[in-house]
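The values are calculated or read from the model by the stated rules, or taken from the named source; none is laboratory data. These numbers come from a predicted model, not from an experiment. Methodologically, a virtual Cβ is constructed for each residue, glycine included, from the backbone with ideal geometry; neighbour enumeration extends over all protein chains shown.
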Amino acid sequence: MPHPLRRRVNLGDPVARKFLADFISQKIKVFGLGCYRQDFNMDPASFWNAADKPDRQGVTENKYIQVPLSSTSQDRAGDDYEFRSSMCSGLCLNWWVSGNVSAERIPENFPFAWARKTLDQYLTYREFYYGDYFPLTGYSQATDLWMAYQLDQPKSGRGMIVVLRRPESPYESARFNLRALEPQTDYRVTNLDTGEETDRSGRELTETGLEVRLQNRPSSALILYERKTTPGGRTQAK
């Protein structure tokens, strides 16, 4: 049970979420803040569990972590796999400090070029985390598997696929059946790491699937897709 003297704002409640967002936004404007950070120093599990009936455990937690105010922590610079494993709608970066230790000066060999490129890419495509989410694999913490999920924006016909080959996976390729695409529409598919572009139909991507090859382990891939249109504005069909 939660501590009797502690309280937690339920960010899964739209009314509470709007109040908190409006309140913080007002204070940022009043005080002229250029940057705002709110830390997280309590275990929310007891609050989430107490809010749900025994046969509904996890419902409150799921609503809470879906909101745009959620974030994950990323601690090691220069590692695409770890960074992409942590991606969500918000990130807390501790690239030169890891664990419960005092902060130190940025090391001389810090990979600034990688950091700039990685953050630019993340900020460009972060919008996809506010669309629809589709897991493309089952959930597991096993280190010998692949994990992948799809972020889709139905109105724009765009989306992104995040693929992770875990450290002990013996498989160099995997095929993923995408979701929520229009069968008769063509999509431009772009691998952000290799720059390779292909045109595939929605039917092919959902029924045959998208094959991804990753030679290194661990490794990762970011793949974009975008609905194609003819000069007249109509979607192409095969």
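Observations
- Top-ranked residue of segment 99-123 - restricted to ones that are surrounded by 11 or more Cβ atoms within 10 Å (Cβ to Cβ) and in a loop (DSSP other than H, G, I, E, B), ranked as modelled with the lowest pLDDT: Ile106
- Pairs linking a residue in segment 126-149 that is without any contact (Cβ under 8 Å) to a residue 12 or more places away in the chain to a residue that is outside any helix (DSSP H, G or I), with Cβ atoms under 9 Å and 6 or more positions apart or on different chains, are Gly138/Leu145; Gly138/Met147; Tyr139/Met147; Ser140/Met147.
- Residue-level check: of (1) free of Cβ contacts under 8 Å to residues at least 60 places away in the same chain; (2) over 23 Å from Arg227 (Cβ atoms); (3) aliphatic (A, V, I, L, M); (4) in contact with a Lys or Arg (Cβ under 8 Å, 6 or more places away or on another chain), Val189 misses just (2).
- Meeting the requirement of 1 or more residues that are within 30 Å of Leu164 (Cα to Cα) and at pLDDT below 85, the helices (runs of 4 or more DSSP H) wholly within segment 14-91 are 45-51, 59-65.
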